[in-house]
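The values are calculated or read from the model by the stated rules, or taken from the named source; none is laboratory data. What you are looking at is a predicted structure, and each value in this text was computed from that prediction instead of being measured. Cβ sites come from the backbone with ideal geometry, for glycine too, and all protein chains shown count toward neighbours.
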Amino acid sequence: MHWAFESTGAIRWRDLTDDDPNGVMMQAKRFGMGYGFTLSIREPGTRSLGGFARNDRDYLDFEIDEIDGRMKQLHQATDGLTELSAADRNALKRMSIRMTHN
């Protein structure tokens with residue numbers, strides 16, 4: 001997440017292992033996410049982040065490029081949306097608590 005908020009573009013997770021003091025990458029491998037990459041898109045006033053993983057092999061450059069293109073389309077499609085409703089904010093909060101407090 002640190003890289004995604006400080007950078008834009010794509011980076012393979014293998015290139016982040018030297019800056020992983022909490023061992024997140026090793027934990028990801030234990031959950032079947034041995035290979036992955038992070039995307040970060042930033043335009044004035046907006047940012048979109050995405051993490052993509054698989055267990056069998058690293059993503060190929062053309063696969064990253066394709067996913068990047070689709071994520072940019074989603075980013076543009078959601079640009080300018082109004083604030084989330086209270087129900088949506090509560091649903092996201094409940095989901096984040098489940099993900100971080102198992």
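Couple of notes before you dig in:
- Applying the set (1) surrounded by fewer than 16 Cβ atoms within 10 Å (Cβ to Cβ); (2) in contact with a helix residue (DSSP H, G or I) (Cβ under 9 Å, 6 or more places away or on another chain); (3) not hydrophobic (A, V, I, L, M, F, W, C) to Ser48 leaves exactly one unmet item: (1).
- Scope region 12-28; condition in contact (Cβ under 8 Å) with a residue 12 or more places away in the chain and either small (Gly, Ala, Ser) or under 19 Å from Tyr59 (Cβ atoms) (or both); matching residues: Arg12, Trp13, Arg14, Leu16, Met25, Ala28
- Hits in region 19-45 - residues which are among the polar types (S, T, N, Q) and surrounded by 15 or more Cβ atoms within 10 Å (Cβ to Cβ): Thr38, Ser40
- Taking the criterion of being over 15 Å from the mean Cα position of the chain (by Cα), at pLDDT 85 or above and over 19 Å from Gly9 (Cβ atoms), the residues of region 52-87 that qualify are Asn55, Asp56, Arg57, Ala77, Ala86, Ala87.
- Filter pass, Arg57 being basic (Lys, Arg), over 17 Å from Glu6 (Cβ atoms) and either surrounded by 13 or more Cβ atoms within 10 Å (Cβ to Cβ) or without any contact (Cβ under 8 Å) to a residue 12 or more places away in the chain (or both): no
- Among the residues of this structure, Leu16 does not count as one that is modelled with pLDDT under 95, surrounded by fewer than 12 Cβ atoms within 10 Å (Cβ to Cβ) and in contact with a helix residue (DSSP H, G or I) (Cβ under 8 Å, 6 or more places away or on another chain).
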